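The values are calculated or read from the model by the stated rules, or taken from the named source; none is laboratory data. This one's a predicted model, so the numbers in the text were calculated from it and none came from an experiment. In this analysis, Cβ positions are derived from the backbone assuming ideal geometry, glycine residues included, and neighbour counts consider all displayed protein chains.
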Amino acid sequence: MIFKGLASAAFMAGVLFAASASFSARPAGDAATGKDVFMKKCKACHAEDGHGNEGMAKLLKTTIPPMSSDEVQKNSDADIKKIITEGKDKMKPVKDMSDADISNVIAFVRTFKK
């Protein structure tokens with residue numbers, strides 16, 4: 001009887017852990033709203049399709065990784081937020097974005113994942 005109770009408890013703990021992991025993996029923002037912000041703030045360098053603007057990359061003498069690449073997608077949401085707010089390499093920080101805008105852009109960036 002005790003074993004059956006422990007097995008049930010262990011099963012429920014596993015279900016709750018799996019459910020919490022799936023919820024935490026989802027971006028907090030709204031991808032549709034993020035797309036609008038991305039088109040206004042990011043498209044010039046990252047292109048509408050997220051593959052990077054080759055002309056801008058040449059002008060800046062750099063490469064712009066596709067949003068779908070492992071190089072981008074392996075970053076945590078916190079890492080992407082830091083890149084947006086502080087810049088990285090030749091990318092300058094993006095100005096005039098609220099925390100909600102940033103969360104929404106991150107949710108949109110996640111839609112490029114392969």
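The condition of being farther than 15 Å from residue 90 by Cα and modelled with pLDDT of 55 or more holds for only one of 18, 31, 9, that being 31.
Taken over the stretch 71-96, the criterion of being farther than 13 Å from residue 110 by Cβ and acidic (Asp, Glu) is satisfied by 71, 86, 89, 96.
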